[in-house]
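Undergrad: Dropping a structure here in structure tokens format, bear with me for questions.
The values are calculated or read from the model by the stated rules, or taken from the named source; none is laboratory data. Being a predicted model, the structure only gives us computed values, none of them experimental. Cβ placement follows ideal geometry from the backbone for every residue including glycine, while neighbour counts extend to all protein chains displayed. Note: accessible area is taken over every heavy atom of the protein model, side chains too, but ligands, DNA and RNA are not part of it. Shrake-Rupley method; radii C 1.70, N 1.55, O 1.52, S 1.80 Å.
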Amino acid sequence: MKKLAQEAKTLFNIDLTPWQLSAVAQYMGELEKWNKRYSLTAIQSPEKVRVKHFLDSFSCYPVMKNTIINRVIDVGTGAGFPGIPLKILFPSMHLTLVDSVKKKTDFCRHIVQELGLGGVDVIRERAERLGKEDGHREKYDWALARAVAQLSELSEYLLPLVKVGGRMLAMKGDSGPAEAHAAGEAIDLLGGHLRQLEQLHLPGVTEDRYLVIIDKVAPTPEKYPRRVGIPAKRPL
Ligand code: SAM
């Protein structure tokens, strides 16, 4: 935990409190236990979990911290990344975690309960359906995702959920700039505008990381998102 605290401070200027450190430790312990039974994530060694799950999720902190973060949604959250680490950093935000796979939403619910996190909804659903629901469509200040889909497909999942004036954030690897370029038209069509491509390096990770940040500048046309499976099959 000491190493994580030092890295969070050096890389992202985050001062982790004792509660935050113990919440992360508890989360890591539960992830290790559940991974043995259910194989929730490919990354399993404690070193990699620290860097590739927690530090990587923390990398969103600097770009989010001086913005409105009342309602945040993490789509395709898997075992809770990046949503739950960010909820630990921003305890007052309301967080919605979405995944279509039951064992993943079961794990997220378990962690939320174990850590005593208030203001978190865990929903087992496809992003394409959620983007059509009144309670979710254009209701979020931020929609986030890591390792879910190529950017044009992902924009069709995330941008319908974002309020005009809010932002979408896609966590990407080396392909970030090329994906942002290729998804330009899709982003415009969905009411977005590319704001920022933030490059990051994580300790011991050779691949560059990118945060692709897209402003929601206009309402998303009603026909998006299309039916389940179509954004993947025929990306915009
Ligand atoms: N975001 C997590 C992370 O970075 O560790 C999990 C990434 S995992 C590779 C992708 C997750 O996205 C899977 O758990 C999958 O079930 C979920 N997913 C993919 N497409 C989805 C969709 N259209 N709606 C909801 N969940 C989706």
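Undergrad: Only one of Leu200, Leu194 is more than 19 Å from Arg126 (Cβ to Cβ), among the hydrophobic types (A, V, I, L, M, F, W, C) and either within 16 Å of the ligand (Cβ to nearest atom) or over 20 Å from the mean Cα position of the chain (by Cα) (or both). Can you tell me which?
TA: None of the other options fit; the residue is Leu200.
Undergrad: Give the number of residues within region 208-230 that are more than 19 Å from the chain's Cα centre (by Cα) and within 15 Å of the ligand (Cβ to nearest atom).
TA: 6
Undergrad: So, in region 31-51, exactly how many residues are closer than 16 Å to Ala5 by Cα and either open to solvent by less than 10 Å² (accessible area, probe 1.4 Å) or within 15 Å of the ligand (Cβ to nearest atom) (or both)?
TA: Qualifying residue count, region 31-51: 4.
Undergrad: Which condition breaks for Phe54 when tested against (1) within 16 Å of the ligand (Cβ to nearest atom); (2) not in a helix (DSSP H, G or I)?
TA: For Phe54, the exception is condition (2).
Undergrad: If a residue has to be assigned to a helix (DSSP H, G or I), of a type in the set (A, V, I, L, M, F, W, C) and under 15 Å from Gln20 (Cα atoms) to count, how many in region 107-116 make the cut?
TA: Counting residues in region 107-116 that are assigned to a helix (DSSP H, G or I), of a type in the set (A, V, I, L, M, F, W, C) and under 15 Å from Gln20 (Cα atoms) gives 2.
Undergrad: Return the pair list, or none, for Cβ contacts closer than 6 Å from residues in region 184-202 that are over 12 Å from Val212 (Cβ atoms) to residues that are part of a loop (DSSP other than H, G, I, E, B) and among the aromatic types (Phe, Trp, Tyr), at least 6 apart or on different chains.
TA: Leu190/Tyr224
Undergrad: Starting from region 205-219, keep only residues that are over 27 Å from Phe54 (Cβ atoms), then list their pairs with residues that are in a loop (DSSP other than H, G, I, E, B) and modelled with pLDDT of 95 or more whose Cβ atoms are within a distance under 6 Å, requiring at least 6 positions of separation or different chains.
TA: Lys216/Gly191; Ala218/Gly191; Pro219/Gly191
Undergrad: A further question follows. Mind listing just one residue for me: the one in region 121-136 that is farther than 19 Å from Gly229 by Cβ and among the charged types (D, E, K, R) and, of those, nearest to the ligand (Cβ to nearest atom)?
TA: Asp121
Undergrad: Looking at region 83-106, which of its residues are in contact with a Gly (Cβ under 7 Å, 6 or more places away or on another chain) and part of a helix (DSSP H, G or I)?
TA: Lys104
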